[in-house]
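I have placed the structure first, in the form of C-alpha cells, so that the comments after it can refer back to it.
The values are calculated or read from the model by the stated rules, or taken from the named source; none is laboratory data. In this text, all values refer to a predicted model and were calculated from it rather than measured experimentally. Neighbour counts are summed over all protein chains in view; Cβ atoms, including those assigned to glycine, are modelled from backbone coordinates with ideal geometry.
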Amino acid sequence: MLDRILGRKDQENEVKQMGRLPPGQSLTNRFPVLHYGPVPRFNPAPWDFRVFGEVEEEKRWTWDEFNKLPRAKVKIDLHCVTRWSKFDTDWEGVSVKTLVDEGMLRLKPSAKFVLQHCEYGFTVNVPLDVALQPNFLLATHYDGQPLDPDHGYPLRGVIGAIPGTEYTTPYLWKGGKWLRALEFMPQDRLGFWEQAGYHNEADVWKEQRFAYD
C-alpha cells in the first residue's frame, strides 16, 4: 500500500514539475466515474447522431454511418472539476475539425458556439473554436477499447490537454457523455452544469470551477 502511494506521489511530482498539473488538481491512476442520472442502454438500430443549427445542411448519421466517418486519435491529459487529473489517456473517435476541413460538415458564418445534446436531455456548451481544436473529440474508444457504458458508450465528447500545446483546456465535464447531437449556435446557451452554477469557460489553468470564481 505504501509503495503504491509513494509511486503515485512520485508521478504527481513529476507531472507537476513538467507544468502539466493544473492548480488544485491531484493525479489519479484510476478513471473515476462521475455523471448525473442513470446510464442509458444502447440500441444501435434506432440510434442516430444529428448535427443541426447554423449549418448549411443538417446531418443525421446512423451508428454504422457514424463509424465510417474519418477517424482520429489523440493522447490527452484529463482534468476533472472534482480535482482529479489523469495523464496520457488515449482516445479514438471523430474530430469535428476534420469533418469541417473535409467538407463533410459545412458551417454558416453565424456559427459561434456548440451545444452538445446527450441522452435524457443533458446538454453541454462550448465555444466553436474549442470544438474545432484537436483536443476535442467525439470519442467511441478509450485505451483501444469501446467506451464502457459508465464512461459514455457508445459516444461521448471528450476534451483534455495536449502537452506542449496551448489549446484551451476546459474541465472534463465540457465533454458530454452519451452524446446524440451537436447544435451549432450564433449565441451561447448554458448547459446543464453551467445553469447549476459551474463556470461557463471552465479553464483548468485559471481554476474556473464555479461561476463566482
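Determine, yes or no, whether P154 is touching a residue at least 40 places away in the same chain (Cβ under 8 Å) and within 15 Å of F113 (Cα to Cα). If you could, list the steps in order and put the result at the bottom.
Values: touching a residue at least 40 places away in the same chain (Cβ under 8 Å): yes; within 15 Å of F113 (Cα to Cα): no.
When the stated conditions are applied, P154 does not pass them.
How many residues does segment 104-132 contain that are in contact with an Asp or Glu (Cβ under 8 Å, 6 or more places away or on another chain), assigned to a loop (DSSP other than H, G, I, E, B) and closer than 22 Å to P70 by Cα?
Residues meeting the conditions: 2.
Take W178 and tell me if it is touching a helix residue (DSSP H, G or I) at 6+ places or on another chain (Cβ under 7 Å) and closer than 19 Å to Q208 by Cβ.
Numbers: touching a helix residue (DSSP H, G or I) at 6+ places or on another chain (Cβ under 7 Å): yes; closer than 19 Å to Q208 by Cβ: no.
So W178 fails the test.
Any chance you could count how many residues in segment 133-152 are assigned to a loop (DSSP other than H, G, I, E, B) and surrounded by fewer than 19 Cβ atoms within 10 Å (Cβ to Cβ)?
Taking segment 133-152 and keeping what is assigned to a loop (DSSP other than H, G, I, E, B), we get 133-135, 143-144, 147-148, 152.
Next, from what is left, pick out any that are surrounded by fewer than 19 Cβ atoms within 10 Å (Cβ to Cβ): 134, 143-144, 148.
Qualifying residue count for the region: 4.
Rundown of residues vs (1) loosely packed, with under 11 Cβ neighbours inside 10 Å; (2) free of Cβ contacts under 8 Å to residues at least 60 places away in the same chain; (3) more than 19 Å from L138 (Cβ to Cβ), yes/no style:
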| position | (1), (2), (3) |
| --- | --- |
| E12 | no, yes, yes |
| G19 | yes, yes, yes |
| R30 | yes, yes, yes |
| F42 | no, no, no |
| W61 | no, yes, no |
| S95 | no, yes, no |
| L107 | no, no, no |
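Kindly establish whether P186 is modelled with pLDDT of 95 or more, closer than 22 Å to K108 by Cβ, surrounded by fewer than 19 Cβ atoms within 10 Å (Cβ to Cβ) and in contact with a Lys or Arg (Cβ under 8 Å, 6 or more places away or on another chain). Don't jump to the end; show me each part of the working.
On the way: modelled with pLDDT of 95 or more: yes; closer than 22 Å to K108 by Cβ: yes; surrounded by fewer than 19 Cβ atoms within 10 Å (Cβ to Cβ): yes; in contact with a Lys or Arg (Cβ under 8 Å, 6 or more places away or on another chain): yes.
Taking the combined requirement at face value, the residue satisfies it.
Applying the selection to segment 64-83, what residues are crowded, with 18+ Cβ neighbours inside 10 Å and either charged (D, E, K, R) or more than 18 Å from F136 (Cβ to Cβ) (or both)?
Hit for segment 64-83 is D77, nothing else.
Within segment 158-210, how many residues turn out to be in contact (Cβ under 8 Å) with a residue 60 or more places away in the chain, in a loop (DSSP other than H, G, I, E, B) and not aliphatic (A, V, I, L, M)? Spell out how you get there, then give the answer.
Restricting attention to segment 158-210, the residues satisfying the condition of being in contact (Cβ under 8 Å) with a residue 60 or more places away in the chain are 158-163, 169, 171-173, 176-194, 198, 200, 202, 204-205, 207, 209.
Filter once more, so that each one left must be in a loop (DSSP other than H, G, I, E, B): 160, 162-163, 169, 171, 176-178, 186-191, 200, 202, 204-205, 207, 209.
Filter once more, so that each one left must be not aliphatic (A, V, I, L, M): 160, 163, 169, 171, 176-178, 186-189, 191, 200, 205, 207, 209.
Counting residues in segment 158-210 that are in contact (Cβ under 8 Å) with a residue 60 or more places away in the chain, in a loop (DSSP other than H, G, I, E, B) and not aliphatic (A, V, I, L, M) gives 16.
Tell me which residues, restricted to segment 44-59, are under 25 Å from V114 (Cβ atoms) and either charged (D, E, K, R) or free of Cβ contacts under 8 Å to residues at least 24 places away in the same chain (or both).
The initial filter retains those residues of segment 44-59 that are under 25 Å from V114 (Cβ atoms), namely 44, 46-59.
Once the filter is applied, which keeps residues that are under 25 Å from V114 (Cβ atoms) and either charged (D, E, K, R) or free of Cβ contacts under 8 Å to residues at least 24 places away in the same chain (or both), segment 44-59 yields P46, D48, R50, E54, E56, E57, E58, K59.
Count, please, the residues in segment 157-180 that happen to be more than 19 Å from C118 (Cα to Cα) and β-branched (V, I, T).
Total meeting the criteria: 4.
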